[in-house]
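The values are calculated or read from the model by the stated rules, or taken from the named source; none is laboratory data. Source: prediction; values computed, not measured. Cβ: placed from backbone, ideal geometry, glycine included. Neighbour counts: every protein chain shown. Please note that ligands, DNA and RNA were not included when accessible areas were found on the heavy atoms of the full protein model with its side chains. Shrake-Rupley method; radii C 1.70, N 1.55, O 1.52, S 1.80 Å.
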Amino acid sequence: MIDIKFLRENPEIVKENIRKKFEDEKLALVDEVIEFDKRNRAIKQEVQALQAERNKTSKLIGGLMKEGKKAEAMAIKDEIARKGARITELEAEEKQVEADIREHMLKIPQIIDPSVPIGKDDTENVELERFGEPLVPDFEIPYHTEIMKSFAGIDLDTATDKVAGNGFYYLMGDIARLHSAVLTYARDFMINRGFTYCIPPYMIRSSVVDGVMSFAEMDAMMYKIEGEDLYLIGTSEHSMIGKFRDTINDEAKLPYTLTSYSPCFRKEKGAHGIEEKGVYRIHQFEKQEMIVVCKPEESPYWFDQLWKNTVDFFRSMDIPVRTLECCSGDLADLKVKSLDVEAWSPRQKKYFEVGSCSNLGDAQARRLGIRVKGADGRKYLAHTLNNTVVAPPRMLIAFLENHLQADGSVTIPEVLRPYMGGAEKLVPKA
């Protein structure tokens with residue numbers, strides 16, 4: 001959510017930003033907000049004037065009564081009552097207008113960074129750099145669930161047919177252990193980079209949801225707990241940023257750098273939908289996340305640090321990756337800048353997304369009231385950023401494909417062996 005003062009003074013900049021995101025249907029919102037804002041300020045001025053007049057005239061009543069001028073005193077009382085009724089009426093209108101302003105402002109996208117490439121959708125995202133050589137072996141690589149089945153490591157049928165439905169799974173044996181090993185390694189990887197480890201709430205209130213994401217994202221992603229003001233998190237970023245809600249943070253203590261583990265739950269409504277035969281797009285998964293709360297001038301630096309952490313993590317396990325900058329049309333409305341990390345799939349001979357790094361600027365901070373107090377006493381909004389360290393079981397697709405051997409075994413990278421009981425490879429079950 002952008003600053004209404006900025007919108008008031010720079011409506012054409014806000015409109016041009018909307019055009020860059022190819023969301024022309026939102027252009028009218030800017031003019032509507034300006035009109036609401038004018039009415040809101042006029043209401044405030046009228047209320048202040050009426051209150052001043054009421055206070056002034058009410059002081060006359062006592063004197064008139066002492067002078068025996070009861071009729072005049074009663075007339076003034078009637079006038080004060082009329083002013084009070086008008087103030088009540090205006091305050092009700094003010095409340096509605098402010099609600100209208102907020103509703104509109106939540107739909108107006110954040111001003112994107114000047115470096116963001118202009119494009120309509122994810123087909124126009126821009127590859128920045130590749131890390132590691134994307135190789136294709138001289139033997140056929142099975143679909144990832146077939147690799148998992150060779151280790152007796154997955155049961156989709158029972159989860160789908162008997163227990164939960166599409167988008168759920170059982171991981172078993174070595175594959176389940178590998179899944180947990182990757183997450184534990186990710187935890188230690190981030191702790192070693194100076195991040196504070198955290199396990200957050202897995203449910204959040206609607207007021208936090210409203211602060212961390214757009215309405216469109218919420219509808220497509222989040223599960224509502226029936227009868228309660230709670231939602232299951234789609235990513236621990238939501239809980240972690242919510243931790244700073246309505247806070248005034250000492251500038252000297254910034255930045256806050258946190259890494260968190262959580263299960264995640266997503267509806268996955270929309271064009272992509274749920275993958276019925278695999279674990280690429282599913283309703284339930286686990287993730288290691290990282291978030292930063294910092295001073296505005298430091299957010300570009302932390303943006304670069306966050307995506308590099310994910311690249312370094314995957315490269316430490318010998319998985320080739322690339323970075324892809326999201327174009328303007330592929331940015332969610334709260335994002336200033338975003339970059340995807342994609343892993344190489346030897347089977348598909350292409351890259352696929354395994355992490356998303358985002359700079360939200362002051363959008364979440366404005367919605368949630370996350371402020372900073374400087375040494376001079378000045379208060380200002382913080383910037384928030386987030387990025388995925390790793391999100392298995394999707395990540396296991398890249399892991400298994402890139403480490404599969406011709407005999408069906410899967411090698412375990414050296415960094416992961418301490419978390420796998422020292423095993424150097426996984427051997428298929430007979």
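Applying the condition of being in contact (Cβ under 8 Å) with a residue 12 or more places away in the chain, open to solvent by less than 60 Å² (accessible area, probe 1.4 Å) and not hydrophobic (A, V, I, L, M, F, W, C) to the stretch 4-45 and asking which residue is nearest to residue 79 (Cα to Cα) yields 40. Screening residue 322 with (1) over 16 Å from the mean Cα position of the chain (by Cα); (2) buried (at least 24 other Cβ atoms within 10 Å of the Cβ) gives one miss only, at (2).
Among the numbered conditions (1) free of Cβ contacts under 8 Å to residues at least 60 places away in the same chain; (2) among the hydroxyl-bearing types (Ser, Thr, Tyr); (3) buried (at least 17 other Cβ atoms within 10 Å of the Cβ), the only one that residue 185 does not meet is (1).
Taking the stretch 189-212 as the range and being more than 18 Å from residue 263 (Cβ to Cβ) and either small (Gly, Ala, Ser) or under 14 Å from the mean Cα position of the chain (by Cα) (or both) as the test, the residues that pass are 194, 206, 207, 210, 211.
Hey, could you check the stretch 78-131 for residues that are in a helix (DSSP H, G or I) and β-branched (Val, Ile, Thr) and say which is farthest from residue 367 (Cα to Cα)?
My answer is 80.
Annotation note: of 127, 91, the sole residue that is over 30 Å from residue 408 (Cβ atoms) and open to solvent by less than 80 Å² (accessible area, probe 1.4 Å) is 127. Selection of the stretch 306-351 for residues being without any contact (Cβ under 8 Å) to a residue 12 or more places away in the chain and assigned to a strand (DSSP E or B) yields only 350.
Which of the residues belonging to the stretch 46-87 are in contact (Cβ under 8 Å) with a residue 12 or more places away in the chain and either of a type outside the set (A, V, I, L, M, F, W, C) or in contact with a strand residue (DSSP E or B) (Cβ under 6 Å, 6 or more places away or on another chain) (or both)? It would help to see each step written out before you state the result.
Taking the stretch 46-87 first, the residues in contact (Cβ under 8 Å) with a residue 12 or more places away in the chain are 46-47, 50-51, 53-54, 57-58, 60-61, 64, 73, 76-77, 79-80, 83-84, 86-87.
Residues satisfying the conditions are 46, 51, 53, 54, 57, 58, 77, 79, 83, 84, 86.
Every residue, every condition in (1) more than 21 Å from residue 142 (Cβ to Cβ); (2) assigned to a strand (DSSP E or B); (3) not charged (D, E, K, R), yes or no:
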site	(1), (2), (3)
388	yes, yes, yes
406	no, no, yes
416	yes, no, yes
419	yes, no, yes
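May I ask you to list the residues in the stretch 410-422 that are of a type in the set (A, V, I, L, M) and open to solvent by 30 Å² or more (accessible area, probe 1.4 Å)? The one that is of a type in the set (A, V, I, L, M) and open to solvent by 30 Å² or more (accessible area, probe 1.4 Å): 415. Note on the stretch 188-220: residues that are open to solvent by 50 Å² or more (accessible area, probe 1.4 Å), of a type in the set (A, V, I, L, M) and touching a Lys or Arg at 6+ places or on another chain (Cβ under 7 Å) total 0. Exactly one residue out of 258, 171, 178 is among the aliphatic types (A, V, I, L, M), touching a residue at least 60 places away in the same chain (Cβ under 8 Å), open to solvent by less than 80 Å² (accessible area, probe 1.4 Å) and closer than 24 Å to residue 369 by Cβ, and it is 258.
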